[in-house]
1. Determine whether residue 14 is in a helix (DSSP H, G or I) and either within 12 Å of the ligand (Cβ to nearest atom) or within 14 Å of the chain's Cα centre (by Cα) (or both).
2. Only one of these conditions is not met by residue 47: (1) away from the ligand (no atom under 16 Å from the Cβ); (2) free of Cβ contacts under 8 Å to residues at least 12 places away in the same chain; (3) assigned to a helix (DSSP H, G or I). Which number is it?
3. Is there a residue in region 133-148 that is hydroxyl-bearing (Ser, Thr, Tyr) and either in contact (Cβ under 8 Å) with a residue 40 or more places away in the chain or surrounded by 15 or more Cβ atoms within 10 Å (Cβ to Cβ) (or both)?
4. Kindly establish whether residue 80 is assigned to a loop (DSSP other than H, G, I, E, B) and surrounded by fewer than 13 Cβ atoms within 10 Å (Cβ to Cβ).
5. Could you list, in sequence order, the residues of region 17-44 that are surrounded by fewer than 18 Cβ atoms within 10 Å (Cβ to Cβ), among the aliphatic types (A, V, I, L, M) and more than 11 Å from the ligand (Cβ to nearest atom)?
6. For region 13-62: of the residues being out of contact with any Lys or Arg (no Cβ under 9 Å at 6 or more places or on another chain) and of a type in the set (Phe, Trp, Tyr), which is farthest from residue 209 (Cα to Cα)?
7. For the list (1) touching a strand residue (DSSP E or B) at 6+ places or on another chain (Cβ under 7 Å); (2) closer than 27 Å to residue 29 by Cα; (3) more than 16 Å from the ligand (Cβ to nearest atom); (4) not aromatic (Phe, Trp, Tyr), I need the number of the one condition that residue 71 fails.
8. Would you point out which residue out of 106, 60, 72 is among the β-branched types (Val, Ile, Thr) and within 21 Å of residue 178 (Cβ to Cβ)?
Amino acid sequence: MPKPILYDYWRSSAAYRVRIALNLKAVDFERRQVNLLESEQRSDDYKALNPQGLVPMLEIDGHRLTQSLAIINYLDLRYPNPPLIPVLAADRAHVVAMAMAVACDIHPLNNLRVLKYLKNELGHSQDEVDAWYRHWIWEGLPALEAMAAPQSGRFLFGDAPTGADVCLVPQLYNARRFEVPLDAYPTLLRAETNANDLEAFAAAHPDRQEVPA
Ligand SMILES: N[C@@H](CCC(=O)N[C@@H](CS)C(=O)NCC(=O)O)C(=O)O
């Protein structure tokens, strides 16, 4: 089987999730750059592969997979160790809910195409767009902190990283880029620190990716 190929962009937080998951599963993969700043994700060539025109996309085992949570779920079934989603139904629902609180309820509102639409089509200033960006993080992180705290340990759920941490770390990277204060979220910060101590997370960080020229 050829190596999996990740269609990736260094600062894409959805792609960052998949880089972390591939690293945690110790899957060797190749990268193809899709330069979002050059709108390559909207090119006919790329949309012929991924009609949504978004990264990440993963070619693996003869499949072309899209949507980071679906990809992480595939990887978890295909490479069961270490598990990223618990087996017990209630634990599984809890971890998936935390991952979705980021991936479905914060990140999509702050996606590049949304920010561009606010600015270019609706005529908002950069300050207004930045305020929008911070607003959805301010809405989302307190809820995630409250969801996580009761069953957290070194990570958002217990003492090993799960899909929830895989979504958290890129989201906190984004929050810092927009100077959102994070002191009120000790559970999230603890999980982030412990995650970034692991090479699988550290190697997936945007600063360690190739940046398109
Ligand atoms: N729900 C999708 C989101 C994918 C997504 O929004 N990717 C962003 C980068 S983080 C993207 O490709 N944006 C391009 C654009 O907005 O035009 C996933 O989890 O994979």
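The values are calculated or read from the model by the stated rules, or taken from the named source; none is laboratory data. Given the structure is predicted, the values throughout are model-derived calculations rather than measurements. Backbone-built Cβ (ideal geometry, glycine too); neighbour counts: all protein chains shown.
1. Spelling it out, residue 14 is indeed in a helix (DSSP H, G or I) and either within 12 Å of the ligand (Cβ to nearest atom) or within 14 Å of the chain's Cα centre (by Cα) (or both).
2. Checking residue 47 against (1) away from the ligand (no atom under 16 Å from the Cβ); (2) free of Cβ contacts under 8 Å to residues at least 12 places away in the same chain; (3) assigned to a helix (DSSP H, G or I), the one that fails is (1).
3. Yes.
4. Against the criterion (assigned to a loop (DSSP other than H, G, I, E, B) and surrounded by fewer than 13 Cβ atoms within 10 Å (Cβ to Cβ)), residue 80 qualifies.
5. 26, 27
6. 46
7. With respect to (1) touching a strand residue (DSSP E or B) at 6+ places or on another chain (Cβ under 7 Å); (2) closer than 27 Å to residue 29 by Cα; (3) more than 16 Å from the ligand (Cβ to nearest atom); (4) not aromatic (Phe, Trp, Tyr), residue 71 is out only on (3).
8. 106
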